[in-house]
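Q: Dropping the structure in here first, questions after.
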Amino acid sequence: MLALLRNQKIRGIFFQLLTVIGLVAFLWYIGSNTVANIEQRGIQTGFGFLDGTAGFGIDQSPIAYTEENTHGRVFVVGLLNTLIIAFVGILCATIVGLLIGVLRLSNNWLIARLAKAYIDFFRNIPLLLQILFWYNVVLRAMPNPKQSFNFFDIFFINNRGLYFPLPEYNATFFTILASVIGAFVASIVLNTWANRRKLATGKDFMVFPFAIGMFILFPILAYFIGGSHLNFSYPELMGFNFKGGKTLSPEFLALTFALTIYTATFIAEAVRSGIEAVSHGQKEAAISLGFSPYQALKLVVLPQAIRIAIPPIINQYLNLIKNSSLATAVGYPEIVTVFAGTSLNQVGQAIEIISMTMLVYLIISLIVSAILNWFNHKMKIQER
Amino acid sequence: MAIYNKINERKAPSNTKGPTVWIRENLFSTPLNVALTILGIMVLFWVIPPFVKWAYINANFAGTTREDCTSGGACWVFIRMKIDMFMYGFYPSELRWRINTVYGLFFVLMAAFKYLKSPLLKVALAHVYFIVGFLLVHGGFFGIEMVPTDKWGGLMLTIMVAAVGIVCAFPIGVLLALGRASHLPIIKSISVTYIEFIRGVPLITILFMSSIILPLFFPEGVTFDKLLRALIGIAMFEAAYIAENIRGGLQSIPKGQFEAADAIGLSYWQKMFLVILPQALKVAIPNLLSVAISLFQDTTLVLIIGLFDLLAMVRLSAADSYWLGYETEGYVFVTFIFWFFCYSMSTFSQKLEKRFNTNLR
């Protein structure tokens with residue numbers, strides 16, 4: 001018996017069995033209590049509530065939604081709003097983060113210091129505080145619609161949000177849209193062709209001016225081909241509020257600003273540490289081979305820096321998506337606010353609703369980490 | 001014999017040293033740099049003078065009422081009048097010495113740590129500190145008046161949530177990290193599932209879970225304090241992040257250390273606690289400090305489930321009808337406090353990182 005206990009394999013099995021028994025007992029305890037509590041309090045179970053009428057309005061919805069719609073639709077609206085804020089936040093944070101990261105490494109002493117000050121300042125302030133600051137101190141303190149800040153009669157900012165014109169979706173608009181996509185595709189094709197020709201013959205081809213030309217020329221041509229009817233719907237003051245155009249609500253703006261500014265500091269740090277992680281000898285070797293500093297950066301340093309910098313940046317994207325749940329503090333109608341907030345209050349089925357919300361974030365996390373793994377695999381140094 | 005003409009020594013070239021050269025090289029070396037410098041100076045002028053004017057030159061410091069704020073700048077009177085609420089929440093003012101004592105004892109603890117050598121004694125002392133601290137703040141024993149947790153608030157609650165969160169999450173995190181590094185398949189998969197699940201969801205959903213669903217898990221009659229529920233959620237959340245950082249430390253330990261510990265006949269726990277973890281934790285400390293920073297920032301989320309931490313206290317005070325319109329001052333004040341704590345911690349962690357780096361060389 002004692003010998004059996006000293007056998008490492010048997011001990012391993014024994015301890016694992018003990019853990020499993022403990023875990024199952026714990027889960028069983030929790031489960032039976034929960035069932036008893038739910039029965040006693042008369043809480044409904046199951047997912048039938050998703051078909052029940054929600055009965056509350058959501059002021060920003062990318063799809064048609066009215067009070068008569070179901071809680072299931074509330075879930076979809078919340079999910080879509082989460083995805084919208086995540087997309088916009090990631091886009092803005094990447095642009096600002098890359099910019100600050102590059103400035104941080106600038107030769108210019110003043111600019112490098114300012115970029116560092118930006119990072120040190122915003123990184124050390126809780127995101128929720130930043131969201132509330134933008135919302136309560138900046139955006140809600142804007143004047144009312146009658147006294148809104150007016151930029152050339154096109155953009156308006158007031159305490160109800162930012163108003164800007166939107167083109168009408170007619171034939172001209174779609175032709176121009178198609179032409180921009182066309183110019184984009186054509187530039188990629190041209191670039192591939194130029195690279196291939198350079199490898200084969202060594203001849204250079206200036207892709208950049210051609211691409212710029214296409215981006216200007218194509219939409220102009222499309223404007224005339226599409227019938228020259230590009231109409232904009234401008235925001236106009238009607239009574240107490242603006243009509244027409246497009247509105248970005250203060251909640252959305254506060255959340256976007258805070259997420260962008262906060263996440264950008266982490267992205268900037270990732271960019272900086274990525275570039276600094278490339279050994280100095282790499283750049284020196286490139287320059288001694290006769291590369292120009294720009295070529296050394298583009299062809300030697302950056303390809304190596306990207307491999308180091310991208311994984312932490314993707315992690316920051318994931319953090320940004322999870323942090324977008326703080327929207328509930330200002331009431332932007334994403335999934336935590338409307339589904340795990342308002343719907344939960346009405347229905348009271350906390351277990352189902354919180355699990356569904358968690359599942360949404362888990363699935364997003366799994367997708368992002370799948371992308372990360374794919375990237376790491378692709379970027380792995382090919383050793384021969 | 002050759003004749004050498006003495007050549008007078010040349011002056012050091014004037015254009016390689018000195019402040020003007022430094023300015024030329026660092027600020028005005030290329031046209032782009034000139035433009036950037038001008039832009040930078042513009043940003044500075046645009047941000048700093050108005051802020052200094054608002055926060056200091058035109059600000060009102062003296063007085064006790066709203067009417068004392070006349071000069072158009074910041075009204076720091078508001079902060080002065082509300083500072084007790086920001087620091088202690090609704091804690092009864094005649095009992096605030098108890099919280100101050102706990103703060104004071106912290107420095108005593110730090111001083112004792114400096115002179116004590118035995119790690120076991122240190123751990124024991126830290127435990128004593130937490131128990132004494134809790135008893136003092138909560139009261140309700142030996143005739144000391146009890147202060148229920150719904151009276152706790154302000155900076156004191158923020159610090160408490162962060163400290164208790166880290167302290168409770170740490171042992172769980174160590175166990176999870178060991179579980180994840182273990183060779184036993186079931187233990188490993190349980191740890192991995194837990195860590196990845198927690199890391200995949202936002203803290204706010206975990207806080208909702210711990211504040212709404214947790215009471216359902218226990219039999220009728222067992223009630224949890226709101227604060228305790230938040231602390232359970234935070235500790236559960238933070239344990240997963242601590243585990244991931246310790247795992248990073250564990251991975252950096254060479255295999256030879258494990259084999260050597262096995263070879264001299266140490267048991268699993270002896271091997272881990274005497275050989276592996278001391279080294280792994282040392283590697284992980286800078287990262288653990290960043291976990292501590294983000295936890296400190298995350299404590300603000302407890303306001304969403306209805307606890308009154310520092311940020312919530314400021315929001316509440318700014319909504320006071322008498323002091324309406326001074327929320328900017330309140331937010332600037334909390335910003336400064338949070339920034340001060342987090343920046344000190346991150347500077348400290350960078351210092352540690354540098355010190356440990358040189359040790360490894």
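The values are calculated or read from the model by the stated rules, or taken from the named source; none is laboratory data. Please read all numbers here as calculations on a predicted model, not as lab measurements. Neighbour counts run over all protein chains shown; Cβ positions are idealised from the backbone, glycine included.
Q: For B:LEU277, are the conditions met, namely being hydrophobic (A, V, I, L, M, F, W, C), in contact (Cβ under 8 Å) with a residue 60 or more places away in the chain and surrounded by 12 or more Cβ atoms within 10 Å (Cβ to Cβ)?
A: So B:LEU277 passes the test.
Q: For the stretch A:1-118, which helices (runs of 4 or more DSSP H) that fit wholly inside it have 1 or more residues that are exposed (fewer than 13 other Cβ atoms within 10 Å of the Cβ) and within 13 Å of chain B (Cβ to nearest Cβ)?
A: Hits in the stretch A:1-118: A:2-6, A:8-41.
Q: Which of the helices (runs of 4 or more DSSP H) contained wholly in the stretch A:225-327 include at least 1 residues that are without any contact (Cβ under 8 Å) to a residue 60 or more places away in the chain and touching a Gly at 6+ places or on another chain (Cβ under 6 Å)?
A: It comes to A:302-323.
Q: What's the total number of residues in the stretch B:188-219 that are at pLDDT below 90 and facing chain A (nearest Cβ under 7 Å)?
A: Adding up the residues that qualify gives 6.
Q: Out of the residues in the stretch A:119-145 meeting the condition of being within 30 Å of A:LYS298 (Cβ to Cβ) and within 8 Å of chain B (Cβ to nearest Cβ), tell me which one is farthest from the chain's Cα centre (by Cα).
A: Filtering first and then ranking leaves A:ASP120.
Q: Of everything in the stretch B:312-333, what is within 11 Å of chain A (Cβ to nearest Cβ) and either of a type in the set (Lys, Arg) or without any contact (Cβ under 8 Å) to a residue 60 or more places away in the chain (or both)? Give them in sequence order.
A: B:ARG315, B:ALA318, B:ALA319, B:GLY325, B:GLU327, B:TYR331
Q: A further question on this structure: Mind listing whichever residues of the stretch B:306-335 are part of a helix (DSSP H, G or I), surrounded by 12 or more Cβ atoms within 10 Å (Cβ to Cβ) and aromatic (Phe, Trp, Tyr)?
A: The answer is B:TRP323, B:TYR331, B:PHE333.
Q: Can you find, within the stretch B:218-243, the residue that is surrounded by the fewest Cβ atoms within 10 Å (Cβ to Cβ) among those that are closer than 30 Å to B:ALA284 by Cβ and of a type in the set (D, E, K, R)?
A: The residue in question is B:ARG229.
Q: Take A:GLY101 and decide whether it is modelled with pLDDT of 80 or more and closer than 30 Å to B:VAL21 by Cα.
A: Here the answer is yes, as A:GLY101 does meet what is asked.
Q: Which of the residues that make up the stretch A:283-314 are at pLDDT 90 or above and polar (S, T, N, Q)?
A: A:SER288
Q: Give the residue, chosen from A:ASN170, A:ASN191, A:ASN158, A:ASN195, that is under 30 Å from A:ALA258 (Cα atoms) and among the polar types (S, T, N, Q).
A: The match here is A:ASN158.
Q: Working only within the stretch B:336-359, note down all residues that are over 22 Å from A:PHE121 (Cα atoms) and surrounded by 13 or more Cβ atoms within 10 Å (Cβ to Cβ).
A: Answer for the stretch B:336-359, where residues must be over 22 Å from A:PHE121 (Cα atoms) and surrounded by 13 or more Cβ atoms within 10 Å (Cβ to Cβ): just B:PHE356.
Q: Also: Considering only the stretch A:194-201, I want to know if a residue exists there that is among the hydrophobic types (A, V, I, L, M, F, W, C), closer than 28 Å to A:ILE84 by Cβ and surrounded by 13 or more Cβ atoms within 10 Å (Cβ to Cβ).
A: The answer is no; no qualifying residue exists.
Q: I would also like to ask the following. Name the residue that is farthest from the other protein chains (Cβ to nearest Cβ), counting only residues in the stretch B:22-33 that are of a type in the set (A, V, I, L, M) and under 13 Å from A:TRP109 (Cβ atoms).
A: Step by step, filter the stretch B:22-33, then rank; the result is B:ILE23.
Q: Can you list the helices (runs of 4 or more DSSP H) lying wholly within the stretch B:183-280 that have 2 or more residues being of a type in the set (Lys, Arg)?
A: It comes to B:185-200, B:226-251.
Q: Next up: Report, by residue number, each residue of the stretch B:46-101 that is surrounded by 12 or more Cβ atoms within 10 Å (Cβ to Cβ) and aromatic (Phe, Trp, Tyr).
A: Scanning the stretch B:46-101 gives B:PHE51, B:TRP54, B:TYR56, B:PHE61, B:TRP76, B:PHE78, B:PHE86, B:TYR88, B:PHE90, B:TYR91.
Q: So A:SER233 ticks every box in (1) modelled with pLDDT under 75; (2) in contact with a helix residue (DSSP H, G or I) (Cβ under 7 Å, 6 or more places away or on another chain) but one. Which box is left unticked?
A: With (1) modelled with pLDDT under 75; (2) in contact with a helix residue (DSSP H, G or I) (Cβ under 7 Å, 6 or more places away or on another chain) applied to A:SER233, the lone miss is (2).
Q: Among the numbered criteria (1) under 30 Å from B:SER93 (Cβ atoms); (2) in contact with a Lys or Arg (Cβ under 9 Å, 6 or more places away or on another chain); (3) free of Cβ contacts under 8 Å to residues at least 12 places away in the same chain; (4) of a type in the set (A, V, I, L, M, F, W, C), which one does B:PHE224 miss?
A: (2)
Q: Just to check your reading of the model, which residue among B:THR193, B:THR158, B:THR205, B:THR149 is in contact with a strand residue (DSSP E or B) (Cβ under 6 Å, 6 or more places away or on another chain) and among the hydroxyl-bearing types (Ser, Thr, Tyr)?
A: The conditions single out B:THR158.
Q: Within the stretch A:343-358, track down each residue that is over 15 Å from B:ILE204 (Cβ atoms) and part of a helix (DSSP H, G or I).
A: The answer is A:SER343, A:ASN345, A:GLN346, A:VAL347, A:ILE351, A:GLU352.
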